[in-house]
Amino acid sequence: MGTLRFQPDLLDEVSHRLDLRRPNRQAIESAVLRTSDHYDVQGRTEPYECVVDSATGVGKTYVMAGLMEYLAGAEAPVRNFLLLAPGRTIREKSIRNFTAGNPHSLRRLLRSHPFVVTADNFNTQATRIAMDDPAVTKLYIFTVQALTSATGEGRATHVPQENLGMSFYAYLSRLDDLVILADEYHCYRGPAFSRTIRELRPELVVGMTATPARADEPLVAFRYPLAAAIADQLVKTPVMVARRDDRSDVGTKLLDGVNLLRYKARIADAYCDENELPRVNPVMLVIARDIAEAEEFRAVLDSGAFDGGAWAGKTLLVHSKLTGDDKEKALADLEAVEEPDSPVRVIISVGMLKEGWDVKSVYVIASMRASVSEVMTEQTLGRGMRLPFGRYTGIEILDTLEVLAHEKYGELLEKRKRYGLK
């Protein structure tokens, strides 16, 4: 990487071009300054590894893009970036984020013009030409499993490739300016990942997470908690919703949720029409304990006896046991939830939506299960924290996330209040 002198003017330019939120700019600055201190001040030679702990919904994709833009534009430019994802869903989302043609792509904002290398093209001739060109910025996007294991998903990256004269994994280990951006870092940190870091010998590893493991606290270079994100109005304000009576049956809880959803939809329609904005369709996320329970919830919602049949055909069930065409259709429907013509208003999930699912129109979360851990609780809460209009509207019901939930969510929010949540 060479000497990494901090260049405030470069960071200002990158921040302006990417329209970075203040905490995202600060995260990049912290990572760069810590890296400079590690190599240039302390004179250390081992890879520098740090963690950015930032609340879900604040924009970690922009932090990764900003880091890449800064380091690629530095006096000693970096040309090789490896973005690691914990699974295929986040990998595919990351590929779309950096590929032209996708409506959510950041590509048009990037002056580094990264050549995206994936499991589908890493052994093609065109990719080899780009990899050999020292003037081209490369962004390798892979699942962590594709690199930490030489079997299964990782077999292709560990066997020799004719056009490389070695395995892709070996090629990465020979790069002298490799920077690893580890998305959802908490999902896979451990012995296998540590071994991979030793073998790849990157210059820098930046882990991105909203819920760092306790053992990784010494690695945290920047922290921006949920309480701060709420106070700064960068995410919705979560609101616990409870009944005055003690009714807690499934039908009552779901009816409470859809009534909230209907009210929010009416206000959202009026706001969009008044401001000449595309309409936003509020969605409720229902968290089930298991598949049988999820099927029960869908049967209730699809019933003509429930709320006059108003929600029949508007539910989407997603769980880890889906396979083949059913799984592909469910994932495609998830991807299209924010489209104006999507019929989906209620998503029922068992365990597939903890990370990597970024739908801004989730306005109600109905948790029908106890959360197994604080990590699971905050990750689930994070599915509904993003702002559909990009900023607060000044209309409270459009700036809040209503949570009809198990008491553990209340415990989490009380804890957040102790750390500064108003």
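The values are calculated or read from the model by the stated rules, or taken from the named source; none is laboratory data. Just so we're clear, the structure is a prediction, and the values are computed from it rather than from any experiment. With ideal geometry, Cβ positions are generated from the backbone for all residues, glycine too; neighbour counts draw on all protein chains shown. Ligands, DNA and RNA are excluded from the accessible area calculation, which covers all protein heavy atoms including side chains. Shrake-Rupley method; radii C 1.70, N 1.55, O 1.52, S 1.80 Å.
Here region 39-93 yields Rg over Rh of 1.01, to two decimals, using C-alpha coordinates and the Kirkwood radius.
Of the GluC sites (Glu not before Pro) found in region 142-188, the ones in coil according to DSSP and having at most 10 other Cβ atoms within 10 Å of their Cβ are E162.
Set against the 2.2 N^0.38 Å expectation for a compact globular protein, region 1-158 has a Cα radius of gyration ratio of 1.06. With a Förster radius of 51 Å applied to the beta-carbon distance between A270 and D12, the computed FRET efficiency rounds to 0.85. Remark: region 249-258, residue by residue, has Karplus-estimated 3J(HN,Hα) of 5, 4, x, 5, 5, 5, 5, 4, x, 6 Hz, where x stands for each Gly or Pro and the curve is 6.51 cos²θ - 1.76 cosθ + 1.60 at θ = phi - 60°. Of the residues C272, C187, ranked by 1.4 Å probe accessible area with the largest first, the sequence reads C187, C272.
Scaled against the 2.2 N^0.38 Å expected of a compact globular protein of N residues, the Cα radius of gyration of the chain reads 1.03. In region 99-257, the C-alpha radius of gyration followed by the widest Cα-Cα span (Dmax) gives 21.6, 70 angstrom.
For the pair R34 and L277, label points projected 7 Å from Cα toward Cβ lie 3.4 nm apart. For region 113-220, DSSP calls about 20 percent of its internal beta bridges antiparallel. What a 1.4 Å probe finds exposed on the chain is 49% carbon and sulfur by accessible area, rounded to a whole percent. Legend: calculated FRET efficiency, A299 to V239, from the Cβ-Cβ distance at R0 = 25 Å, rounded to 0.05, equals 0.30. Along region 259-264 the Karplus relation, 6.51 cos²θ - 1.76 cosθ + 1.60 evaluated at θ = phi - 60°, assigns HN-Hα couplings of 5, 4, 4, 5, 5, 4 Hz to successive residues, with x for each Gly and Pro.
Evaluated with a Cβ-only charge set (Lys, Arg +1; Asp, Glu -1), the chain carries a dipole of roughly 420 debye about its Cα centre, given to the nearest 20. On the basis of the beta-carbon distance and an R0 of 35 Å, V220 and S105 show a calculated FRET efficiency of 0.75.
Computed from label points 7 Å out along Cα-Cβ, the spacing between S248 and A336 is 3.9 nm. When DSSP beta bridges are limited to those with both residues in the chain, what percentage is antiparallel, rounded to the nearest 5? If I count the DSSP bridges inside the chain, around 5 percent turn out antiparallel.
Straight Cα distances below 15 angstrom link K321 to the aspartates and glutamates D290, E293, E295, with same-chain residues fewer than 8 positions distant left out.
Surface listing: R108, R244 arranged by accessible area from highest to lowest gives R244, R108, probe 1.4 Å. Ordering T124, A305, T237 by Cα displacement along the dipole of the chain toward the positive end leaves T237 in first place; charges were set at the Cβ atoms of Lys, Arg (+1) and Asp, Glu (-1). When the residues T148, T143 are ordered by accessible surface, computed with a 1.4 Å probe over the protein chains alone, the sequence from largest down reads T148, T143. Heavy atoms of the protein chains alone define the surface here; on that basis the chain has 45 Å² accessible area per residue at 1.4 Å probe size.
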